[in-house]
Amino acid sequence: MTERHIEVSLDKRGVRCTARLLTDKAPLTCAAVWDALPLGSSVYHAKYARNEIYALFPAFAEKEPPLENPTVTPIPGDLCYFTFSDTELGTSAYGYDTEQRGTVVDLALFYERNNLLLNGDVGWVPGIVWGQVVDGLDRMAEACQDLWRAGALGETLSFRRL
């Protein structure tokens, strides 16, 4: 199978990077994401995991993928997939819309080192590593730092096929 690549972007900031799908390590997750593209939603910066930006989407896979290629220590450039129920994210402590219903998919980009997927409320939160940034991580990391300092309001994290 030929390699598949996607563009990950912070649309308002006009910053893009290219990622390779890890179809050999996470084939079911890659297929689910690829089939759902393009995707875009409001971006958030992580509270717990450190150097992470992410967007939340209603479940889009016919069947949620199993925990293939899992990690609790993502490295710079990792794209991770998480699945949460509405009750896991529907508390005011997390700051999300408490009216969300059903399964929520979190697509995340880790842009720097020293990440740990440990949530003080629930413990370890393993993610599926389904992609790796192969070009433009330096520009994206700069934009992510700006997002952390200046705020995420009005910014969109998008994923598109290349």
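The values are calculated or read from the model by the stated rules, or taken from the named source; none is laboratory data. Everything numeric here is computed off the predicted structure, so don't read it as measured data. Here the Cβ is made from the backbone with ideal geometry for all residues, glycine too, and neighbour counts use every protein chain on show. Accessible surface areas use protein heavy atoms only, side chains included; no ligands, DNA or RNA. Shrake-Rupley method; radii C 1.70, N 1.55, O 1.52, S 1.80 Å.
The magnitude of the dipole of the chain, with charges of +1 and -1 set on the Cβ of Lys/Arg and Asp/Glu and taken from the Cα centre, is near 300 debye. In the chain the longest region clear of GluC sites (Glu not before Pro) that are loop-assigned by DSSP and have at most 10 other C-beta atoms within 10 Å covers 100-162.
Accessible area per residue (1.4 Å probe, heavy atoms of protein chains only) ranks K25, K12 as K12, K25, with the largest value leading. Over the chain, Cα pairs under 8 Å with separation of 6+ residues give a relative contact order of 39 percent. Which one, L157, V105, A31, is farthest towards the positive end of the dipole of the chain when Lys and Arg carry +1 and Asp and Glu -1 on their Cβ? My answer, from the dipole projection, is L157.
Classify the chain as rounded, prolate or oblate from the Cα gyration tensor: take a ≥ b ≥ c as the square roots of its eigenvalues, call it rounded if a/c is under 1.5, otherwise prolate when a/b beats b/c and oblate if not. Rounded, since a/c falls under 1.5. Note on D11 and F60: their simple-model spin labels are 1.2 nm apart, each label 7 Å out from Cα toward Cβ.
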